[in-house]
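The values are calculated or read from the model by the stated rules, or taken from the named source; none is laboratory data. This structure is a prediction, so every number in the text was calculated from the model and none was measured. Every residue, glycine as well, gets a Cβ built from its backbone with ideal geometry; the counts of neighbours run over all protein chains shown. In case anyone asks, the SASA skips ligands and DNA or RNA and just uses the protein heavy atoms, side chains included. Shrake-Rupley method; radii C 1.70, N 1.55, O 1.52, S 1.80 Å.
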Amino acid sequence: MQDRLTHLQALEAESLHIFREVAAEFSRPVLMYSIGKDSSVMLRLAQKAFYPAPLPFPLLHVDTSYKFDEMLEFRDRICEENGFRLIVHTAREALRNGANPFRLGTRKCCDLLKTKSLLSALSEGGFDAAIGGARREEEKSRAKERVYSFRDSLGQWDPKNQRPELWNLYNGRIEKGESIRVFPLSNWTELDVWQYIEAESIPVVPLYFAKEREVLVRGETLLPMEHNPPLLPGEHPSMVMCRMRSLGCTYCTGATRSTATTVPEIIAELRTFRRSERENRAIDHDQEGSMELKKREGYF
Amino acid sequence: MERDILRFTTAGSVDDGKSTLVGRLLHEAGGVYDDQIEAARRVSRDSLEFAFVTDGLRAEREQGITIDVGYRYFATQRRKFIIADTPGHEQYTRNMATGASTADLALVLVDAGKGVLPQTRRHACIAWLLGIPRILVVVNKMDLAGYRKETFDSIRADFEVFTGKLKGAAIDFIPVSALAGENLSSPSSRMPWYRGPSVIEYLDTVPIQTVRGDLPFRLSIQYVVRTGDFRGYAGQIASGTVRAGDELLVLPSGRRARVASLPERTTGRHERAFAPMSVCVELDDHVDAGRGDMFADPANGPTVGRRFRSVLVWMSETPLAVGSPYLVKHTTQQVCAEVVGIVSKLDITTLENDPAEELKLNDIGRVVIETHRPLFWDPYSANRATGAFILIDPMTNLTVGAGMIESADSGCEQAPARAVGQTGLTIWFTGLSSAGKTTLSQAVFERLWATGARVQILDGDEVRRHLSKDLGFSKEDRDENIRRIGFVAELLTRNGVIVLVSAISPYRTVRDELRVRIGDFVEVYVNAPLAVCEERDVKGLYRKARSGELRAFTGVSDPYEAPLSPEVECRTDLETLNESVDKVLRHVDQRRKT
Ligand SMILES: Nc1nc2c(ncn2[C@@H]2O[C@H](COP(=O)(O)OP(=O)(O)O)[C@@H](O)[C@H]2O)c(=O)[nH]1
């Protein structure tokens, strides 16, 4: 008999190995929990990696305050049910100084609310390893990201000077103040993530499923009405059957027209999609190569 | 419909059309979305350049070259593909090795107009050295060669002359035009003389060699999972299979134990598991094992040793220095090591082994390495997972080399030429079981070793397995054990070695006796409250002591006499490991200066 893992089993085996390496090699790891589908898959993989023991690290959620209510409810329920240790970090200072996407534009807003508060949350917590759900497939600059991505003491990434990464031998050696971002889902695609959600019956935020939602239709973009985005002259919201393909802040997350109300329907829909999932994320397009710029500065 | 994964790496010289080919493969298989194509079109000069779909970084787009390994994904009905797209530039050979390390197949590109270049040979050779069982040579730009069979045949013949020397490599050839899309996803009408599969058909159906299942069982422990009374050993199976009831050899202790179960969260347990699954192994008996230890097939264990020959790909701007300290990361072990000699350097175009004094960036050589603790390994050619290692420079923390173990080296153990004229010192780590003595002394060892000092660890548990095998745990026996360790430490200290003793050594009187005898003596009190040690219970001994299974256990049923005025005290429950290490080293520095 030829033993062969299916693609999901092989991806799972690789991710479990990464989680265990991190837990064994770092003194203060933390899992960046962003509530979305990738985070949900990460949590399940982490649970499996340490089963039957609980997770040996806490979850960190950077709350920009521009999240959907459904996301926060979901977050609290999942943490409660599974007994996860959750740290919520809000960008208090930036918010007090009036940071918001409508006034600052998405690039500046994201810089202040996400990048800066992520860095401060990590340094306040003294975390030496931050586990994130980024996938290489998501965006061009991520294709070159290592599984263990080194960050200097300012949290910055130097794409030209990355450590070579061979086999499954990850080099996690750092000096005080430096840290490693770890990406256990590096080799997963959006389709893999949904197939795994189906195979493992993993709960996800209802926003991923299609229903009639009140949105602003701007060309190809469907903008959710949460947090009252300013209307352009003559514009008014309408009800559209749609779902979120990726979740971020309300203003940066566009919805997609869809009728998929179950996980198998989402999978079927993905097979026919011709647009990438981040297409509707405003931040990726602020400027050509913009995700790479953000990452050099420390964005996840 | 179940899919499996094929991982392949792509290599080619600059401008052979690799980015075009990859961009195109992704596009044809639906691995690129329309908006990504549109973004690439925006930056393309005239017509859409598929290369821009794959070249991710700004610097690449500015310079028009690919500078780092990029990973790409696409899937067909039968397979998911992971492409490690590696740069063709010579100075980025290390990236080629990186991409090849996890690949099942190497796709090497040849420009039909240029034929087989030295660089092409280099790629094939690296792929072969890194143990990729199969190479697919894609002869590109056939459009410029008038789609002629002769061109293809002569390139193929050229290539085979060279690859005949790559023992065991399976090599296939496909003629294509990446630009025109000929022979990529369907047979080309322009090349009716070619009867083989198109590139995608080939990738879809090529058998993936899974040698690992039939190899003897190996699992390196990554992490000990503990909760309540449960204790399991987590790791990724490197080779072979395992099921409940199997007997395993535990290294380095040499004990044997049976698998009680393989707990798994979703299904409850695995009945049977095989490489490369990540599992948790529960044993039916308590054994003392931790990260870095290995479970192996008792009838067919790995080689255990500290000295071996290996092929080494050098990846750093700073040349390899014989005799300098490095760290070896092998399976889940990280140990101090040094390269004791360079045997030869490989001329990659002729495959000859030339004598060499040093290895520079992108050189590939054969070296002898000596590690400070034994590794449990198999030859890389038989088992990639237990034969591979990386070298880390302990000063810069960079990964500087990638190694593939070939064989044990029996060469007479010459003493490494380190630190002549160093004065000796005994650093004595005392404290309760699980207080952190071993961890701390290991970390101090690494730091001292990195400065080029001669250092030796004497571990209490280890000594009890050899020198003090005859002793038990009565007060007399414990004192005798400590005196023996002290005797060895004294000899080493007089010979200029820094000795790191890590032993519970519960009794004050005998520690003080040794302080006087050795003279150059630093006492480090590794202090954590009993409750903390018991909570950590690294070896599961407290549990046994509490249940009465173990008698006269220090801290529980036998006294521990804390040092009254230790030179250094480390509170391992309050300080980080680094803080503790710094404290010890500060003291050692003062000592060595005076
Ligand atoms: N005529 C022809 N040109 C090609 C072919 N494949 C690639 N090219 C061209 O060769 C040049 C280099 O291609 P690129 O993919 O960037 O090469 P890389 O450096 O190997 O990634 C580009 O101008 C391509 O358009 C081919 O099959 N035929």
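Overview of values
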quantity: Residue B:292 at pLDDT 95 or above, under 21 Å from the mean Cα position of the chain (by Cα) and within 13 Å of another protein chain (Cβ to nearest Cβ); calculated: yes
quantity: Qualifying residue in segment B:2-25 (condition: open to solvent by 40 Å² or more (accessible area, probe 1.4 Å), within 13 Å of the ligand (Cβ to nearest atom) and at pLDDT 80 or above); calculated: yes
quantity: Residue B:179 open to solvent by 10 Å² or more (accessible area, probe 1.4 Å) and either over 30 Å from residue B:538 (Cα atoms) or modelled with pLDDT under 95 (or both); calculated: yes
quantity: Selected residue [among the β-branched types (Val, Ile, Thr), within 11 Å of chain B (Cβ to nearest Cβ) and open to solvent by less than 10 Å² (accessible area, probe 1.4 Å)] from A:180, A:197, A:174; calculated: A:180
quantity: Every residue from segment B:249-263 that is part of a strand (DSSP E or B) and surrounded by fewer than 18 Cβ atoms within 10 Å (Cβ to Cβ); calculated: B:255, B:256, B:258, B:260
quantity: Whichever residue in segment B:190-209 is away from the ligand (no atom under 16 Å from the Cβ) and hydroxyl-bearing (Ser, Thr, Tyr) and, among such residues, is nearest to the other protein chains (Cβ to nearest Cβ); calculated: B:205
quantity: Selection count, segment B:204-244, where residues are at pLDDT 95 or above and over 29 Å from residue B:329 (Cβ atoms); calculated: 2
quantity: Residues (open to solvent by 20 Å² or more (accessible area, probe 1.4 Å) and touching a Ser or Thr at 6+ places or on another chain (Cβ under 6 Å)) located in segment B:86-145; calculated: B:117, B:118, B:119, B:121, B:143
quantity: Residues satisfying the stated conditions in segment B:146-173, i.e. within 15 Å of the ligand (Cβ to nearest atom), open to solvent by less than 30 Å² (accessible area, probe 1.4 Å) and farther than 17 Å from residue B:13 by Cα; calculated: B:147, B:151, B:152
quantity: Test: residue in segment A:1-19 that is open to solvent by 20 Å² or more (accessible area, probe 1.4 Å) and part of a strand (DSSP E or B); calculated: no
quantity: Those residues of segment A:17-50 which are of a type in the set (A, V, I, L, M), touching a strand residue (DSSP E or B) at 6+ places or on another chain (Cβ under 9 Å), at the interface with chain B (Cβ under 10 Å from one of its Cβ atoms) and touching a residue at least 40 places away in the same chain (Cβ under 8 Å), in sequence order; calculated: A:18, A:22
quantity: Filtered residues of segment B:465-483 (kept if open to solvent by 50 Å² or more (accessible area, probe 1.4 Å) and under 34 Å from the mean Cα position of the chain (by Cα)); calculated: B:465, B:466, B:467, B:469
quantity: Flag for residue B:588 being among the hydrophobic types (A, V, I, L, M, F, W, C) and in a strand (DSSP E or B); calculated: no
quantity: Flag if residue B:373 is touching a strand residue (DSSP E or B) at 6+ places or on another chain (Cβ under 9 Å) and assigned to a strand (DSSP E or B); calculated: yes
quantity: Failed criterion for residue A:217 (all others in (1) surrounded by fewer than 19 Cβ atoms within 10 Å (Cβ to Cβ); (2) assigned to a loop (DSSP other than H, G, I, E, B) hold); calculated: (2)
quantity: Condition check for residue A:125: more than 14 Å from chain B (Cβ to nearest Cβ), under 24 Å from residue A:92 (Cβ atoms) and either open to solvent by 10 Å² or more (accessible area, probe 1.4 Å) or not hydrophobic (A, V, I, L, M, F, W, C) (or both); calculated: no
